Amino acid sequence: MLLTNAHIVTLKDDHSFGLIADGAIAIHGEQIAWAGAAADVPAPYREAQTQDLGGRLVTPALIDCHTHIVFGGNRAAEFELRLNGASYEEVAKAGGGIVSTVTATRAASEDALLADALTRVDTLIAEGVTLIEVKSGYGLDRETELKMLRVARAIAQVRPIEVRTSFLGAHAVPPEFDGNADAYIGDICIPTLRAAHALGLVDAVDGFCEGIAFDTAQITRVFDVAVELGLPVKLHAEQLSNTGATQLAARYGALSADHVEYATGADARALGGAGTVAVVLPGAFYTLRETQSPPIQAFRDAGVAMALATDCNPGTSPLTSALLTMNMACTLFRMTPLEALLGMTAHAARALGVTDRGRIIPGARADLCVWNAAHSAELAYRIGFNPLHSRIFKGSL
Ligand code: DI6
Ligand code: FE
């Protein structure tokens, strides 16, 4: 297939980008075979079946590299209680908080969890997302953590999207281990990670390193098992306070350190040195009405690749829009529209350890978005508007 009359945004790893005003893209099977100016289409591709894009903008397809999109129930009642003045204790007494999602996720059938997740996945697909990461972490027992990972993998069986799974057993201490996080890590989290890995359900290992969750020593125990199993790691780091999580992630050569609002200049340099991606999550920042922004300029100065994601979860980021995430990153964090696009494409791929996605270059997977837009800044500029014209997944329109 030859896509013609395309306005192509080419993204490079070094944060630079190019625009090919009258471009063409040759797709062979699932891959991009060639991309460049219309006048330069190599002879063999001129014979291909052509698709005239009418001068529309073409970008790599969007990638959501941090989601908790599989979960039971929702927390709208808690949202309402809080806005009516309820305190944290009152919300907890009324069954709110992360434990309520754990209870609902444990109770839900696999089919129900999948059906519910698909309603959210479909809104991402409609905006041109072709790859999502999905975390476990609302089971916190062996059976439910495995169930969540199976449901996450099942998404890709029933929808044209690719799924990468992260084991997030170290997300919260379940009620049955209240006050005994160390025992939870040793008795449940690590054995469940081993079981999930043995079943082939894990692409990466994540953790929530925070005062209200797990400390660096506990995360280290989990990461050491990940290393033993040959799995890459990533970490929820410095979301609510600085705990040293970013430096820990860098020491383990993590794929990404996520949230990072409370990261310092030294943390940014550690990420830069390790080649670890900083994943910023403006949906959680917005929902929590956080005031401390991630150190974007320090990341730029240290050469840290910045990715963006929805962090879709029922508590702190009930967000299922990649485009709104891009807008929020620009408006709330003062990232540029181009950084936002890189963050949802090339850098998001890096945060997942995926090397053949997120750029329009020969050999990359032909996952592309065609937009009813003339300029790449239009993608991040609008609020609540979806300019997607069509989505190409594995070379198919
Ligand atoms: N950071 C978050 O913001 C969410 N998880 C995490 O590690 C919160 C999850 C929830 O409240 O359900
Ligand atoms: Fe998260």
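The values are calculated or read from the model by the stated rules, or taken from the named source; none is laboratory data. This is a predicted model, so every value here is computed, not measured. Cβ sites come from the backbone with ideal geometry, for glycine too, and all protein chains shown count toward neighbours. All accessible areas refer to the heavy atoms of the entire protein, side chains included, with ligands and DNA or RNA removed. Shrake-Rupley method; radii C 1.70, N 1.55, O 1.52, S 1.80 Å.
Key figures for this structure:
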| quantity | calculated |
| --- | --- |
| Matching residues, the range 255-290, being part of a strand (DSSP E or B) and either over 17 Å from residue 309 (Cα atoms) or free of Cβ contacts under 8 Å to residues at least 24 places away in the same chain (or both) | 257 |
| Some residue of the range 199-206 being in a helix (DSSP H, G or I), crowded, with 18+ Cβ neighbours inside 10 Å and free of Cβ contacts under 8 Å to residues at least 40 places away in the same chain | no |
| All strands (runs of 3 or more DSSP E) inside the range 1-97 with 2 or more residues being over 27 Å from residue 172 (Cα atoms) | 2-11, 17-28, 31-37, 50-52, 57-60 |
| First in the range 230-250 and free of Cβ contacts under 8 Å to residues at least 24 places away in the same chain and farther than 26 Å from residue 194 by Cβ, second anywhere and away from ligand 1 (no atom under 11 Å from the Cβ) and of a type in the set (A, V, I, L, M), Cβ under 8 Å, 6 or more apart | 247/266; 247/270 |
| Residues (assigned to a helix (DSSP H, G or I) and under 19 Å from the mean Cα position of the chain (by Cα)) located in the range 146-159 | 148, 149, 150, 151, 152, 153, 154, 155, 156 |
| Any hit, the range 160-170, residues being away from ligand 1 (no atom under 15 Å from the Cβ) and either without any contact (Cβ under 8 Å) to a residue 24 or more places away in the chain or outside any strand (DSSP E or B) (or both) | yes |
| Tabulated pairs, the range 59-86, first open to solvent by 70 Å² or more (accessible area, probe 1.4 Å), second not hydrophobic (A, V, I, L, M, F, W, C), C-beta under 6 angstrom, 6+ apart or interchain | 74/314 |
| Residue check, residue 113 open to solvent by less than 20 Å² (accessible area, probe 1.4 Å) and touching a His at 6+ places or on another chain (Cβ under 6 Å) | no |
| Given (1) free of Cβ contacts under 8 Å to residues at least 24 places away in the same chain; (2) within 16 Å of ligand 1 (Cβ to nearest atom), index of the condition residue 325 fails | (1) |
| Any hit, the range 341-348, residues being farther than 19 Å from residue 236 by Cα, among the small types (Gly, Ala, Ser) and open to solvent by 10 Å² or more (accessible area, probe 1.4 Å) | no |
| Condition broken by residue 328, with the remaining ones in (1) more than 16 Å from ligand 2 (Cβ to nearest atom); (2) part of a helix (DSSP H, G or I) satisfied | (1) |
| Residue in the range 307-324 that is farthest from residue 125 (Cα to Cα), counting only those that are within 9 Å of ligand 2 (Cβ to nearest atom) and surrounded by fewer than 24 Cβ atoms within 10 Å (Cβ to Cβ) | 316 |
| Members of the range 125-162 that are surrounded by 23 or more Cβ atoms within 10 Å (Cβ to Cβ) and β-branched (Val, Ile, Thr) | 129, 130, 132, 134, 151 |
| When residues of the range 89-99 are limited to those that are open to solvent by 30 Å² or more (accessible area, probe 1.4 Å) and modelled with pLDDT of 80 or more, the one nearest to ligand 2 (Cβ to nearest atom) | 98 |
| Hits in the range 301-319 - residues which are within 15 Å of ligand 1 (Cβ to nearest atom) and among the β-branched types (Val, Ile, Thr) | 310, 316 |
| Top-ranked residue in the range 214-254 [being assigned to a loop (DSSP other than H, G, I, E, B) and either more than 16 Å from ligand 1 (Cβ to nearest atom) or among the acidic types (Asp, Glu) (or both); ranked as surrounded by the most Cβ atoms within 10 Å (Cβ to Cβ)] | 238 |
| Considering residues of the range 351-395 that are among the polar types (S, T, N, Q) and open to solvent by 70 Å² or more (accessible area, probe 1.4 Å) only, the residue farthest from residue 54 (Cα to Cα) | 355 |
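For (1) more than 25 Å from the chain's Cα centre (by Cα); (2) away from ligand 1 (no atom under 16 Å from the Cβ); (3) among the small types (Gly, Ala, Ser), each residue gets a yes or a no:
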| residue | (1), (2), (3) |
| --- | --- |
| 34 | yes, yes, no |
| 45 | yes, yes, no |
| 51 | yes, yes, no |
| 59 | no, yes, no |
| 66 | no, no, no |
| 69 | no, no, no |
| 82 | yes, no, no |
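Each row is one residue, and each column tells you yes or no for (1) assigned to a loop (DSSP other than H, G, I, E, B); (2) closer than 19 Å to residue 125 by Cα; (3) free of Cβ contacts under 8 Å to residues at least 40 places away in the same chain.
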{"residue": "350", "(1), (2), (3)": "no, no, no"}
{"residue": "355", "(1), (2), (3)": "yes, no, yes"}
{"residue": "358", "(1), (2), (3)": "yes, yes, no"}
{"residue": "361", "(1), (2), (3)": "yes, no, no"}
{"residue": "370", "(1), (2), (3)": "no, yes, no"}
{"residue": "373", "(1), (2), (3)": "yes, yes, no"}
{"residue": "379", "(1), (2), (3)": "no, yes, no"}
{"residue": "383", "(1), (2), (3)": "yes, yes, no"}
{"residue": "386", "(1), (2), (3)": "yes, yes, no"}
